[in-house]
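Q: I have a structure here, written as structure tokens, and I will follow up with some questions on it.
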Amino acid sequence: MDTIFTLPLFILSVLQAFITALHVAPGVGLPLSQALRSLTRSTASRSAIYTFMGALALLSASSLYELSKGADKIRSGNLRGEVMATVDYLRAQVSCALSLSNLLIMLLNIALSSERCKLDFTQKNLSAMQRQVKGLQAEYDRVTSAGAAKDGPAGSSSSGVAASLAAAAAEEATALKKTVDRLIAEKQQLQAAAEAAEAAAKSSEARVTAMVSQIKGFDKEFDRLLDENKVLKAQMQRTQQQQQQGAAPGGAAPAAAAAAGSGASKKDD
């Protein structure tokens, strides 16, 4: 890295360290934090800050690259006796340290300004709420003291009225409690009846399903029996036909034999 960046980076780091120290100052810290907060909220200022941070990151990367090359030379022993190379290596270390420190301090200042503004806003809200609570407490004390002063002479009558109202409220609460208990009992009974009806419906549905399956089985068995009956009828018909066909030739043969026997007897005579 060129040595022209070393002095500006050093000055910038000192300036940022001074700004960081001003954050904790009693009278200067809050305005400074508010100013930095407004800068970070502006689009143009935020773009400039991010650009500067990117430049610092590039300088840090360049310094780290030079340090890596110098470290390779040191491990290989090429820097022995080379004064300028050693000085350049030390300058790269200083530049890397200054770049990283400036980047970190800038991020720290932005974070400190944001947290300081948030703390101031919280403190203001808390103080406003405390003032409101104090005002409400004072108004409550004034109203209660005025009410006590007015109700002093008529305390006995008001206490009697309050007692009667409390008794009426207690009776009404008891009646309402009884009504609620009765409604709860009726609800439980209706719920039990609904559960019983649901169970009966489920059991009836199961029985109907079983009966339907049995009927389907009976239908299948009936169809099978019908098929067997048809087969048996066909077999019986074939058997009867075969018997009839076998009986017809057997009757013609004895008749022919008888006719031949009678003819032979006539010739003998």
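Where a number appears in this text, it was derived from the coordinates with a stated rule and is not lab data. From a predicted model like this one, the values you see are computed outputs, not experimental measurements. Please note: Cβ atoms are built from the backbone with ideal geometry, for glycine as well, and neighbour counts cover all protein chains shown.
Q: In nm, what is the difference between 0.36 nm times the number of residues separating I215 and A128 and their Cα-Cα distance? Could you put the intermediate results ahead of the total?
A: Working: separation 87, 0.36 × 87 = 31.32 nm, distance 8.47 nm.
Length difference between fully extended and current span is 22.8 nm.
Q: Taking 7 Å along the Cα-to-C-beta vector as the label spot, tell me the S145-K69 distance in nanometres, rounded to one decimal.
A: 8.4 nm
Q: Indicate the gyration tensor shape class of region 3-145 (rounded, prolate or oblate), computed on the Cα atoms with a ≥ b ≥ c the square roots of the eigenvalues: a/c under 1.5 is rounded; otherwise a/b larger than b/c is prolate and the rest oblate.
A: Prolate, since a/c reaches 1.5 and a/b exceeds b/c.
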